[in-house]
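The values are calculated or read from the model by the stated rules, or taken from the named source; none is laboratory data. Since the structure is predicted, the reported quantities are computational estimates derived from the model, not experimental observations. Every residue, glycine among them, receives a Cβ derived from its backbone with ideal geometry; neighbour counts consider all protein chains shown.
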Amino acid sequence: MGSAIKVTEANFEAEVLKSTVPVLVDFWAEWCGPCRMVLPIVEEIAVEMGAQAKVCKINVDEAADLAARFDVASIPTLLIFKNGKVVDQMVGALPKVKLLEKLKAHV
């Protein structure tokens, strides 16, 4: 895979809900400082996990309906989906090791 996939309303179901591997979804916004800190970490995780998991990012300004659907009140919020359901949720800028640990627990 190699890098985080940009997800919108249009491809959310195909990329996240119907994924055959666990999916880490980063809800972020351009204006959010902590989100900009997490973004390179999310990209690194996408490379490291390869085909074991999928990594996606959703800009809450462009996909407000998705943010509302998953009760994203503050960003960055990272959700892990497995078999179309949320299995883990993390809020705030977490270190890479913590994000990887949580994601690997669902692989």
Report summary line: Output for Cβ contacts, cut-off 7 Å, separation at least six or different chains, first residue assigned to a loop (DSSP other than H, G, I, E, B) in the stretch 88-102, second of a type outside the set (Lys, Arg), reads Gly92/Pro34; Gly92/Pro76; Ala93/Pro34; Ala93/Met37; Ala93/Val38; Ala93/Pro76
Report task. Residue by residue through the stretch 45-91, note down the ones that are within 21 Å of Cys32 (Cβ to Cβ) and in contact with a Pro (Cβ under 7 Å, 6 or more places away or on another chain). Result -> Pro76, Ile80
Requested in this report: Starting from the stretch 5-16, take each residue that is more than 15 Å from Asp65 (Cα to Cα) and acidic (Asp, Glu) and list its partners that are modelled with pLDDT of 95 or more and in a loop (DSSP other than H, G, I, E, B), counting only C-beta distances under 9 angstrom and pairs at least six apart or across chains.
Outcome: Glu15/Val7
Requested in this report: Inspect the stretch 67-81 for any residue being touching a Phe, Trp or Tyr at 6+ places or on another chain (Cβ under 8 Å), assigned to a helix (DSSP H, G or I), in contact (Cβ under 8 Å) with a residue 40 or more places away in the chain and more than 16 Å from Ile5 (Cα to Cα) and give the result as yes or no.
Outcome: yes
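Kindly establish whether Val21 is assigned to a loop (DSSP other than H, G, I, E, B) and modelled with pLDDT of 95 or more. Lay out the reasoning, then the answer.
Values: assigned to a loop (DSSP other than H, G, I, E, B): yes; modelled with pLDDT of 95 or more: yes.
For Val21, the condition - assigned to a loop (DSSP other than H, G, I, E, B) and modelled with pLDDT of 95 or more - is met.
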Report task. Only residues that are closer than 16 Å to Gln89 by Cβ and acidic (Asp, Glu): list them for the stretch 18-43, please. Result -> Asp26
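A quick yes/no check of all residues on (1) at pLDDT below 95; (2) crowded, with 20+ Cβ neighbours inside 10 Å; (3) under 17 Å from Val107 (Cβ atoms):
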residue: Thr8; (1), (2), (3): no, no, no
residue: Cys56; (1), (2), (3): no, yes, yes
residue: Leu66; (1), (2), (3): no, no, no
residue: Ser74; (1), (2), (3): no, no, no
residue: Leu78; (1), (2), (3): no, yes, yes
residue: Phe81; (1), (2), (3): no, yes, yes
residue: Ala93; (1), (2), (3): yes, no, no
